[in-house]
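Presented below is the structure to which this report refers.
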Amino acid sequence: MTNLPGRRNTLILRWSNSTLLCFMSMWQNDFKSTVTVNGWATHMWTDEKLKWDPAKYGNVKHIHVGSHEVWQPDILLYHSGTAGTVEHYGDTACIIFSTGQVLWVPPAQFIGLCELDLRLWPFDTQVCNMTFGSWTYHGEQIDMRLSETENMEHMYVKNAEWKLMDLSKSREAVMYSCCPEPYINLNFKMTLKRNSALYCSVLLMPAAAIVFLVLVTFWLPPQSEMKISVAACTILIIAVFLGFLGFKVPLTATPPLIVYFYSGCLCLETISLILSIVVINMSKRVYCKPLPRNIRLCLLSWPGKLLGLSDLISVIESRRPMPSQELRGKLTEESTTNSTSNISDDGDRQNIISPTKNTTQLEWILAGTAIDRIAFALFCLILATMAIVCIG
């Protein structure tokens, strides 16, 4: 049968929220910003034209007919995520009772648009709204009501990635500017929390290792070229993780905070690589000029001891010549340079470093170590702030 728009008989449709949850499963597509719900959608309505007296028809109280043989309410999901088709329901038979009541329980798949906030990914909680209503019939023709049947949420099939925290339902009558009659909508609000146990092992534990690698370069000896190797390997590891996050997280306007954390670690490690090159160059090069006096005095006093350079300061002070011996040291240096040059077995000439030059180089090593210690303290502060803001 068909239900003409001019028909004044009220057709009451009861939509059961609990039945909708029977064997329901759901998953969310972050890249398409959609939520998919699989379940049973129970439609029950009364059609006056389908009533009969069972006594006149062999005491037949109900019959099974195809869904295409009777009129069906056009209850659709507003803001559907399937633009090409709006077919939500499977093709199943209807049960018609002698009282004119029609029961239709098709399997359904609803794909709805959901505004996602991935700022706290992968520890995010999403709220998705699904609104159902008639596409063409107003409230005087189809009055949708929420069922008062028994709650069957215990039949919900759990999802591996998402946990259903809350599900609320409401009914509202909406007035549109085109039509004087109200349109009935049923709203379902779902609160979903992402299961982040696996992400803790995949993202957080490597993040702790990356932080350690960023800081460990400042505790390697200032003359060690291993500093460059560690920094380069750390940059490569961070780049791999950023590539992994690029495949897992959609390109949204507001990237997750954990992406900012890994990007910040990449910037810090690049700066660390530059500082390592500078420190190695300062420490391994035999400088002719001594360290500037103001910097040397600062490092040899309490600021240097505060940075943990007491051992190196003691070595420098023990090798520093007395003022009365400075002139004698210069003459000794010239004679030593001329007399200690010899030819090795393979013919290469080797120069013995004078005590004055050795002390000068130690002062530059002291300056390079001080740069490492200051950078370590500064990087610890920056990384702690990033961890609290982005991960904590």
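Computed quantities for the displayed model
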item: Answer residue from segment 184-205, given it is open to solvent by 20 Å² or more (accessible area, probe 1.4 Å) and of a type in the set (A, V, I, L, M) and is nearest to ASP166 (Cα to Cα) among those; result: ALA197
item: Meets criteria (buried (at least 18 other Cβ atoms within 10 Å of the Cβ), part of a helix (DSSP H, G or I), in contact (Cβ under 8 Å) with a residue 12 or more places away in the chain and not hydrophobic (A, V, I, L, M, F, W, C)) for SER276; result: yes
item: Subset of segment 275-317 (residues that are more than 27 Å from ALA232 (Cα to Cα) and touching a Gly at 6+ places or on another chain (Cβ under 6 Å)); result: ILE313
item: Only one of THR46, THR34, THR82 that is among the β-branched types (Val, Ile, Thr), under 30 Å from PHE261 (Cα atoms) and in contact with a strand residue (DSSP E or B) (Cβ under 6 Å, 6 or more places away or on another chain); result: THR34
item: Pick from segment 279-310, criterion of a type in the set (Ser, Thr, Tyr) and assigned to a helix (DSSP H, G or I), ranking: farthest from GLN223 (Cα to Cα); result: SER310
item: Condition broken by PHE241, with the remaining ones in (1) within 25 Å of the chain's Cα centre (by Cα); (2) not in a helix (DSSP H, G or I) satisfied; result: (2)
item: Residue among ASP74, ASP53 that alone is modelled with pLDDT of 90 or more, more than 30 Å from VAL259 (Cβ to Cβ) and of a type in the set (Asp, Glu); result: ASP53
item: Enumeration of residues in segment 117-131 that are open to solvent by 40 Å² or more (accessible area, probe 1.4 Å) and within 18 Å of the chain's Cα centre (by Cα); result: ASP117, ARG119, LEU120, PHE123, THR125, VAL127
item: Segment 103-148, residues that are small (Gly, Ala, Ser) and touching a helix residue (DSSP H, G or I) at 6+ places or on another chain (Cβ under 7 Å); result: SER147
item: One residue from GLU153, GLU161, GLU181, GLU172 being acidic (Asp, Glu), under 30 Å from ILE258 (Cα atoms) and either at pLDDT 85 or above or open to solvent by 30 Å² or more (accessible area, probe 1.4 Å) (or both); result: GLU161
item: Residue ID - least open to solvent (accessible area, probe 1.4 Å), chosen from residues in segment 218-238 that are modelled with pLDDT of 90 or more and among the polar types (S, T, N, Q); result: THR234
item: Residues satisfying the stated conditions in segment 132-147, i.e. of a type outside the set (Lys, Arg), open to solvent by 30 Å² or more (accessible area, probe 1.4 Å) and touching a strand residue (DSSP E or B) at 6+ places or on another chain (Cβ under 6 Å); result: TRP135, LEU146
item: Segment 288-319, subset under 18 Å from ASP372 (Cα atoms) and among the basic types (Lys, Arg), residue surrounded by the most Cβ atoms within 10 Å (Cβ to Cβ); result: ARG296
item: Extreme residue, farthest from THR46 (Cα to Cα), among residues of segment 77-99 that are aliphatic (A, V, I, L, M) and at pLDDT below 85; result: ALA83
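The values are calculated or read from the model by the stated rules, or taken from the named source; none is laboratory data. Source: prediction; values computed, not measured. In this analysis, Cβ positions are derived from the backbone assuming ideal geometry, glycine residues included, and neighbour counts consider all displayed protein chains. Areas reflect the complete protein model, heavy atoms only, side chains present, ligands, DNA and RNA absent. Shrake-Rupley method; radii C 1.70, N 1.55, O 1.52, S 1.80 Å.
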